[in-house]
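First comes the structure, then the notes that go with it.
The values are calculated or read from the model by the stated rules, or taken from the named source; none is laboratory data. Quick caveat: nothing in here was measured; it's all calculated off a predicted structure. Note that each Cβ is placed from the backbone with ideal geometry, even for glycine, and that neighbours are counted across all protein chains shown. These accessible areas exclude ligands, DNA and RNA; they are computed on the full protein's heavy atoms, side chains included. Shrake-Rupley method; radii C 1.70, N 1.55, O 1.52, S 1.80 Å.
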Amino acid sequence: MPRKRAEATSLIDTFAEFKETKNIKRTELIGVLEESFRNVIAKIYGSDENFDVIVNPDKGDCEIYRNREVVADDEVEDDNKQISLSEAQQIDEDYEIGEEVSEPIEFAKFGRRAILTLRQTLASKILEIEHDNLYNYYKEKEGEIIAGDVYQTWKSETLLLDEAGNELFLPKSQQIPRDFFHKGETVRAIVERVDNQNGKPKIYLSRTSPLFLRRLLEAEIPEIADGLISLQRIARIPGERAKIAVESYDERIDPVGACVGVKGSRIHSIVRELHNENIDVIQYTSNPSLFIQRALSPAQITSIELNEENKSANVYLRPEEVSLAIGKSGMNIKLACMLTGYTIDVYRQEDEEQDDIYLDEFTDEVEPWVIEAIKAIGYETARDVLNAPRNVLIQQADLEEETVDDLIRVLKAEFEDEDFAPATAAKEETPAQPEAEATPEEANEE
């Protein structure tokens with residue numbers, strides 16, 4: 001009997017320690033212990049309704065009392081809930097029929113098998129509480145940034161551990177392409193979702209979600225955290241480039257300048273976290289035409305046609321601006337579609353005035369000082385020079401006749417089949433190549 005009593009006390013102590021290491025509340029622990037004892041009692045006696053269970057984790061003990069009604073010796077129908085008068089008077093000779101007898105039950109009477117069952121039940125229920133607490137904790141943190149230490153990396157995902165040693169999973173699809181982790185390295189990501197299959201929570205993280213960029217901006221830029229600057233839209237191709245649209249209702253605040261910081265100081269820490277992912281910051285506007293123009297930056301748009309019904313836009317640009325609008329691998333126009341929500345088609349727009357070349361493009365054929373002299377008298381493009389009187393170029397630029405003639409010869413070679421009368425207003429609009437087209441859906445897929 002002393003051995004079983006010691007085992008019971010040890011059992012309580014074990015789970016008192018479990019409470020400290022697993023951060024289970026005192027009330028939860030007491031409830032689990034009481035429920036576990038009652039389950040064992042119900043298996044042994046058929047019911048636990050007439051038992052009082054008092055658990056005291058601080059002392060490491062448990063008191064169990066069985067309550068039975070005193071009945072006549074020949075009227076006992078349920079030994080668990082009734083006790084004969086003669087038996088009751090052996091406990092206390094003052095008992096009478098109809099009274100209630102409350103007697104302590106020694107834990108050792110349960111037997112070794114019952115004690116093992118109790119231990120298993122306690123372990124199972126405490127593990128269940130731990131899982132529920134973990135699930136609720138991280139469910140509330142969905143969309144927030146957390147940090148974890150890299151424990152192991154597999155082909156499809158990386159396992160991280162939080163401060164409490166809980167497992168966090170970062171799938172390969174949610175990693176930035178240039179992510180490469182070392183064991184023990186601290187990694188930041190957002191909690192994307194928490195699954196709870198078969199009662200065991202599994203926490204998934206993400207570093208590619210636009211929400212991760214949003215949280216980084218909120219953490220690094222005080223005006224965003226304080227609500228002085230609003231992040232209206234975010235479009236992102238992880239590890240490559242992102243565009244964000246910001247707005248401020250305070251006229252004294254420049255939202256773009258505040259986000260970028262002096263010489264990019266504020267945005268640089270975010271760019272480093274995202275492995276040099278370029279971030280374009282533009283000012284948001286509810287005017288869709290202007291918003292699309294800003295979204296296609298650095299390209300300069302000549303004109304734009306909107307179709308509000310199907311959320312599409314035809315954008316016309318000078319030929320040299322088309323490549324800027326499309327961007328490397330079509331990245332700029334994809335992001336613009338994602339940011340604005342419009343399907344954007346890019347077209348080249350050509351006319352005599354636009355089909356021109358800046359003088360700076362001829363530095364490999366013409367001495368730079370000659371170009372600077374011509375630009376100093378107000379001529380910036382090849383067409384400007386070719387349409388200007390020869391003697392004006394010689395006199396005002398203070399150049400030799402031979403120098404001016406050589407310049408004109410080089411420039412004419414670019415426009416062999418044209419005379420150089422003043423440009424007309426006629427325009428020819430030529431669609432760009434198919435790769436200039438993108439939809440928000442296609443952009444999101446990529």
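So here's what we get for this one:
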item	result
Cα extents of the stretch 168-324 along the three principal axes, largest first (Å)	56, 37, 29
Inter-probe distance in nm under a simple model that places probes 7 Å from Cα toward Cβ, at Asn196 and Asp78	3.6
Beta bridges by DSSP in the stretch 283-371, antiparallel share as percent, to the nearest 5	50
Alpha carbon convex hull of the stretch 66-117, projected area averaged over orientations, nm²	4.1
Probe 1.4 Å - accessible area at Lys412, Å² to nearest ten	100
Area accessible to solvent at Ser265, 1.4 Å probe radius, in Å²	70
Candidates per chymotrypsin sites (Phe, Trp or Tyr not before Pro) in the stretch 168-202, loop by DSSP, up to 13 other Cβ within 10 Å	Phe180
Whole-number D in µm²/s for the stretch 204-260 (Stokes-Einstein; Kirkwood sum over Cα pairs; 37 °C, 0.692 mPa s)	276
With DNA, RNA and ligands ignored, accessible area of Asp356 (1.4 Å probe; Å², nearest 10)	40
In nm, spacing of pseudo-spin labels at Ile54 and Lys172 (7 Å Cα→C-beta vector)	6.1
Near-label residues of the stretch 380-407 by backbone N, under 16 Å of a point 7 Å along Cα→Cβ of Glu372	397-399
R0 of 45 Å, Cβ-Cβ distance Glu365-Phe180: FRET efficiency to nearest 0.05	0.45
Sites Gln396 and Ala147, calculated FRET efficiency, Cβ-Cβ separation with R0 56 Å, nearest 0.05	0.25
Accessible surface ranking that places the most exposed of Arg236, Arg318, Arg252 first, with a 1.4 angstrom probe	Arg252, Arg318, Arg236
Theoretical gain in end-to-end length, Arg188 to Tyr65 [0.36 nm per residue, Cα-Cα removed]	39.0 nm
Solvent exposure ordering (accessible area, 1.4 Å, most first) of Cys62, Cys337	Cys62, Cys337
The stretch 73-183, dipole about Cα centre (Lys/Arg Cβ +1, Asp/Glu Cβ -1), debye to the nearest 20	2000
Efficiency of FRET from Cβ geometry, Gln300 and Arg119, R₀ 60 Å, rounded to 0.05	0.20
Spatial separation of Cα centroids for the stretch 211-252 and the stretch 353-411, in angstrom	46
